[in-house]
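**Student:** So that we are looking at the same thing, I have put the structure below in structure tokens.
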Amino acid sequence: MKEVILDAEARTTGSKGNIAALRKSGKIPAVFYGKGIKSESIAVNSKAFVSIMEANGANVIINLSFKDGKKAAIVKSLDRDILTRNPVHIDFHVISLEDKVEVLIPIHIDGIADGVKNFGGVMEFIVREVKVEALPKNIPQKISIDVSALGIGQEITVADLPELDGIKYIQDPSTLIVHVISVAAEEEKPEATAEAADAAQPEVINKGKKDKEAEEGAVTDAAATGGTKK
């Protein structure tokens, strides 16, 4: 897991107007917390943070650099603006490089399945992330799987993922990652009737959603690094 440095500064919680002004100045409001650490409000440079995410992905150790020292952390959750997708709030989880953490690692597919290439099948990519436990420095940016040998009716589950030094998969081994099915099987999937579809719809109750912090003024949605909201 790569390490990077990100300048951070303490901030005081304020009104929605103050938070809006902070974002307008090119900074992202954030909090950091961890085992035995009191949660604190901070701010980081928006361009620097986005650059780190684009270059390294969500699974990166970020050394938050303050005037009085550094704190190693990972991104626990990231909220983005619904329209612009720009980050509007970050949760940093302070970690010890000597303690194992649980994170979600993205799965990368290599090759074209034989059942797709030569027999006209369809490959379905079911689960795109897998949860692992490892020391921070052992966490990979991604886990690659070669699907070129997969024929019609064959699959790859968590149990089939490659063994990696220092990495423990903690997801159900039977969890389906990818499989190849015939086009006929895809076409034969039963379509729900209108009545059944209506009956299956859950009742929707409109409720207001409390922001992570009272001062957050933008409409956001949550995104995950890990890992990775993750």
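The values are calculated or read from the model by the stated rules, or taken from the named source; none is laboratory data. Given the structure is predicted, the values throughout are model-derived calculations rather than measurements. So basically every Cβ, Gly included, is an ideal-geometry build from the backbone, and we count neighbours across all protein chains shown. These accessible areas exclude ligands, DNA and RNA; they are computed on the full protein's heavy atoms, side chains included. Shrake-Rupley method; radii C 1.70, N 1.55, O 1.52, S 1.80 Å.
**Student:** I'd like the FRET efficiency for K168 and S148, computed as 1/(1 + (r/R0)^6) with the beta carbon distance as r and R0 of 25 Å, rounded to 0.05.
**Tutor:** Once rounded, the FRET efficiency stands at 0.40.
**Student:** Now for a different question. Between their Cα atoms, which of K27/K70; K16/K100; K24/K137; K24/K100; K70/K100 are more than 30 Å away from each other?
**Tutor:** Violating the 30 Å limit, Cα to Cα: K16/K100; K24/K137; K24/K100.
**Student:** How far is it, in nm, from the label point at N86 to the one at V122 when both lie 7 Å from their Cα along the line to the Cβ?
**Tutor:** The two pseudo-label positions are separated by 4.0 nm.
**Student:** Nearest 0.05, what FRET efficiency do E102 and A10 give at R0 = 30 Å with Cβ-Cβ as r?
**Tutor:** Efficiency computed from Cβ-Cβ geometry: 0.60.
**Student:** Taking H as built 1.01 Å from N, whose amide H comes closer than 5 Å to the amide H of E40, not counting residues under 5 places away?
**Tutor:** Those lying under 5 Å, H to H, from E40 are F32.
**Student:** How long are the semi-axes of the ellipsoid equivalent to the stretch 28-170, from square roots of 5 times the Cα gyration tensor eigenvalues, in whole Å, largest first? Working shown, then result.
**Tutor:** On the way: eigenvalues 255, 70, 26 Å².
Semi-axes, largest first: 36, 19, 11 Å.
**Student:** Express in Å², to the nearest 10, the accessible area of I112 obtained by rolling a 1.4 Å probe over the protein heavy atoms while all chains stay in place.
**Tutor:** Approximately 110 Å² of I112 is accessible to the 1.4 Å probe.
**Student:** Also: Top to bottom by accessible area (1.4 Å), largest first, where do D91, D7 land?
**Tutor:** D7, D91
**Student:** I need the chymotrypsin sites (Phe, Trp or Tyr not before Pro) found in the stretch 74-155, filtered to DSSP loop residues with at most 14 other beta carbons within 10 Å of theirs.
**Tutor:** Of the chymotrypsin sites (Phe, Trp or Tyr not before Pro), the ones in loops of the stretch 74-155 whose Cβ has at most 14 other Cβ atoms within 10 Å are F119.
**Student:** Sticking with this one: Per 10 Å bin from zero, what fraction in whole % of the C-alpha pairs of the stretch 22-74 is there, up to the bin with the longest pair?
**Tutor:** Binned Cα distances yield the sequence 21, 55, 24, 1.
**Student:** Could you sort the peptides 148-155, 168-175 by per-residue average Cβ neighbour count (10 Å cutoff), highest mean leading? Please list the in-between numbers first.
**Tutor:** Working: 148-155: 15.4, 168-175: 13.1.
Result, highest mean first: 148-155, 168-175.
**Student:** Let me cross-check V44: its accessible surface, 1.4 Å probe, with only protein heavy atoms counted, in Å² to the nearest 10?
**Tutor:** 0
**Student:** Something else now. Please list, in chain and number order, the residues 5+ apart from T175 or on another chain whose amide H is under 5 Å from its amide H, with Hs placed from the backbone.
**Tutor:** V158, A159
**Student:** Could you report the stretch 36-110's accessible area per residue, 1.4 Å probe, as an integer in Å²?
**Tutor:** I get 49 Å² per residue for the stretch 36-110.
**Student:** Right, something else. I'd like the Karplus ³J(HN,Hα) series for the stretch 33-47: coefficients 6.51, -1.76, 1.60, θ = phi - 60°, whole numbers in Hz, and an x wherever there's a Gly or Pro.
**Tutor:** So the J values, rounded to whole Hz, are 7, x, 4, x, 10, 6, 4, 10, 8, 9, 9, 10, 5, 5, 4.
**Student:** In whole angstrom, note down how far apart the Cα centers of the stretch 40-71 and the stretch 1-39 are.
**Tutor:** Result: 9 Å between the Cα centres.
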